[in-house]
Structure formats: C-alpha cells, structure tokens
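What follows is one structure encoded as structure tokens, with my remarks underneath.
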Amino acid sequence: MVDIYMEQNNAKPVVNSKVYIKVFAYFGLALLVTAVTAFIVSSILFNLMGNADTFYWTYLGITIGSAIAMIVLSLIMSFNYFKTGSKLIIPYILYSISVGCLISGCAFWVDSAYSLGMVFLATALIFFIMCGIGALLGDKIKFVYMILSMFLIGALLLSLVNLFIMPFLFVNEAAWQSVSTIYWISEFLFLAIFCLYIAIDMNRLKKYAENSLTIETNLALFFAMSLYTDFINLFVRLLYIFALARNNN
C-alpha cells in the first residue's frame, strides 16, 4: 500500500526512523552481551594459563561448543524471522553469548586493553562509514554485488595459491618472503569483502524502512543479527591483521 501511494503521488520514499531505532537497539544489545561474555570468559582463561593442559582443553571445548551453538542458533534465526511475535529474542541473546565465547581468545592476540580498544574503535568507524555508503547507494547497490562477486573470486584464487604454497614456507624462509605480499593482499581482500557485506545489509534495511511503517520483532532481530555478525567479522579480521603486523614488526 505504501508503494502504490508513492507511485500515485510521485513522492520519494520516507524512511521510518522507528525501524532503525528498533534494529540498532537490538544491535547494541548484542554487542553489550558479547563484550560482557568475552570479558568473563577471557578472564577465566587467563586464570587457567598456569596449567597448560587445563587451559588448552578448556579453550578448545569453549571454541568448539560456541561454534556449534552459533551455527545452530543462526539457522534457527534464519528460518523463523518471518514469523510474528518475539520468540527469537532468546536465540538472539544465546547467539550473542556464543560469539562472545568464541572471540574470547582474541584478547590474547594483543598486548594491552588499549590495543583492543583501538581496534574496536577502528571497527566502529569503518562499520558506520560502510552503513552510510550502503544507505546512500539506493538501487545502485547492484554494483556492490558485482564488486563483491569479483572480490570473492579473487579471494578464492588467492586462498588456493596460499594453500599450495604454504607447506613449502615452513622449510624455506626465503619462500615466505617472496609470497608474503600475496598473503597480505588476500587478508585485505577478505577485509574488503566484510565491508561490502555491511553496505549490502544496511541497504536492505533502508529499503525495508522506506516501505514499512513498523517492523516485527523477529524481523528486527534478523536485521540486527546480520549487521551484528558483519561487525564481529570485521572486528576479528582487523584484530587479526593488527596482531600479524605487530608480530612481524
């Protein structure tokens, strides 16, 4: 009905801010739950570092368990977001907790809380820049899909190259120096892919907000989970690149 009214009156679509508020409120909730969970779990792991075996098996169990939980919960969210009501709030919170458990080990990649905070701020800055780009692109988002397809193909090819070359790097330091450039290109290529996904998901949210007066809780949770997952992927990738650069230096 909204689309028909706009076409008849030649009006531009008006974005409903209530949709954004609801989605980003859930987005912020997920980040808060993940941050608290990651802090608690990383503190527990840190206290276990005195016993190498206990630390290893605890960390391994947390990693495997949280990864499986994330897959199951994401499937539950994906197959039920179109239903009315708010039944997905519990899976959404559990998904956020699982992500916090999974990334808790990332705290050991950096040397201080300051470094972790700087990476988080860089992630937030890039995330909201890409959200702005996605919102401004409108129907031109199809070009982002084309670029994303090219980047995915390039990342796959570079990954295959690294896969075949990597076994030789452990026995030949000179070989590592010669292909390190390819490795770094692939890392930043994956980073660009995560950024493009942010723009695409934000564009989808904007299109919905332009054509809907309200949003069901389950659908808002689904949009929030998509953006939240994009944020976490970007944060982990940036943190990994930061750790690699620091170790190389």
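Rounded to whole numbers, the Karplus 3J(HN,Hα) couplings from phi for the stretch 120-134 are 5, 5, 4, 4, 4, 5, 5, 4, 6, 5, 5, 4, x, 4, x Hz, using 6.51 cos²θ - 1.76 cosθ + 1.60 with θ = phi - 60°, and x at Gly and Pro. Among 118, 49, sorting on how many other beta-carbon atoms sit within 10 Å of each Cβ, with the fewest leading, yields 49, 118. The Cα atoms of the stretch 16-248 give a gyration tensor whose axes a ≥ b ≥ c have a/c of 1.5 or more with a/b no greater than b/c, which makes the shape oblate. The lysines within cross-link reach of residue 140, meaning a Cα-to-Cα straight distance under 24 Å and a gap of 8 or more places when in the same chain, are 12, 206, 207.
By other beta-carbon atoms within 10 Å, ranking 42, 149 with the fewest at the front produces 149, 42.
Bear in mind that the values in this text are calculations on the coordinates, not laboratory data. Computed from a prediction, not measured in an experiment: that's the story for all the values here. For neighbour counting, all protein chains shown are included, and Cβ atoms are generated from backbone atoms with ideal geometry for every residue, glycine included.
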